[in-house]
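A short reminder: the numbers here are calculations on the coordinates, not readings from a lab. Please read these numbers as outputs of a predicted model, since none were measured by experiment. No Cβ is skipped: glycine too gets one built from the backbone with ideal geometry, and neighbour counts run over all protein chains shown.
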Amino acid sequence: MTEAPQFPPQSKVDDLANRVFFRLYQSANLMHKSGTKALDELHITTQQWAVIGALARKGAENGIAVGELTRFLMVSRQNLTGILARLERDGMIERTVSPHDSRSRLIRLTSHGRHLWSTDMSARISDYYDEALAGFSTTDKIHLIHYLDKLLNNMKQLDQDSGDI
């Protein structure tokens, strides 16, 4: 008597969850590619765009500590170091001494970086957002933010639980 062939056990990966995370992965990759293309003439990458945008926020005019910037952008200090070096080389940012602690350095936009953000970058980013979010209603955008926030909070908790924060 021949034995029935043995098949590997069915995967325990939830197919729907897998599709959600794979779409996020694909979206992030295409965002980097198409976002960088949108700012290609300015020689700005999406990573640089994120840093400049964080530094252009209200309240960041006097600068942000590198540690605070890594937490806000959710990137490693190592990844941020190279981006900051390129932005500093290109005259977009500068490092200043903290008024509260002379041993601490703050990162802030230069007048050139602030001007680039408020003129060419903002217009191109706005056009990019319009194209990327074509067909999304205001309600769709609000729901998307809501669900991405829920996912982000869950992943932050996972990161805290692993002791990496």
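Which is farthest toward the positive dipole end of region 43-165 among Gln160, Ile44, Gly82, measuring Cα position about the Cα centre, with Cβ charges +1 (Lys, Arg) and -1 (Asp, Glu)? Of the options given, the answer is Gly82.
Under 14 Å from a label point set 7 Å out along the Cα-to-Cβ vector of Glu131, the amide N atoms of region 36-75 belong to 36-42.
Roughly how many debye, to the nearest 20, is the charge dipole of the chain about its Cα centre, given +1 on each Lys and Arg Cβ, -1 on each Asp and Glu Cβ, and no other charges? Walk me through the numbers before you get to the answer.
Values: 20 positive and 20 negative charges, 91 e Å.
It works out to roughly 440 debye.
Sort Leu151, Leu55 by Cβ crowding within 10 Å, fewest neighbours at the top.
On the way: Leu151 13, Leu55 24.
The order, fewest Cβ neighbours first, is Leu151, Leu55.
By the Cα gyration tensor, region 27-114 has an equivalent ellipsoid whose semi-axes, rounded to whole angstrom, run 23, 14, 11 from largest to smallest.
Determine, for His100, His32, the number of other Cβ atoms within 10 Å of each Cβ, and report the residues in order from fewest to most.
On the way: His100 8, His32 14.
Fewest-to-most ranking of His100, His32: His100, His32.
Taking the C-alpha atoms only, the angle from helix 138-161 to the longest principal axis of the chain is near 80 degrees.
Determine, for Glu94, Glu61, the number of other Cβ atoms within 10 Å of each Cβ, and report the residues in order from fewest to most. Don't jump to the answer; show the numbers that get you there.
Details: Glu94 17, Glu61 12.
The most exposed by this proxy come first: Glu61, Glu94.
If one takes the longest principal axis of the Cα atoms in the chain, at what angle in degrees, from 0 to 90 and to the nearest 10, does the Cα axis of helix 122-132 lie? Between helix and principal axis, roughly 10 degrees.
3J(HN,Hα) along region 19-29: 5, 4, 5, 5, 5, 4, 4, 4, 4, 4, 5 Hz, from the Karplus curve 6.51 cos²θ - 1.76 cosθ + 1.60 with θ = phi - 60°, whole Hz, x for Gly and Pro.
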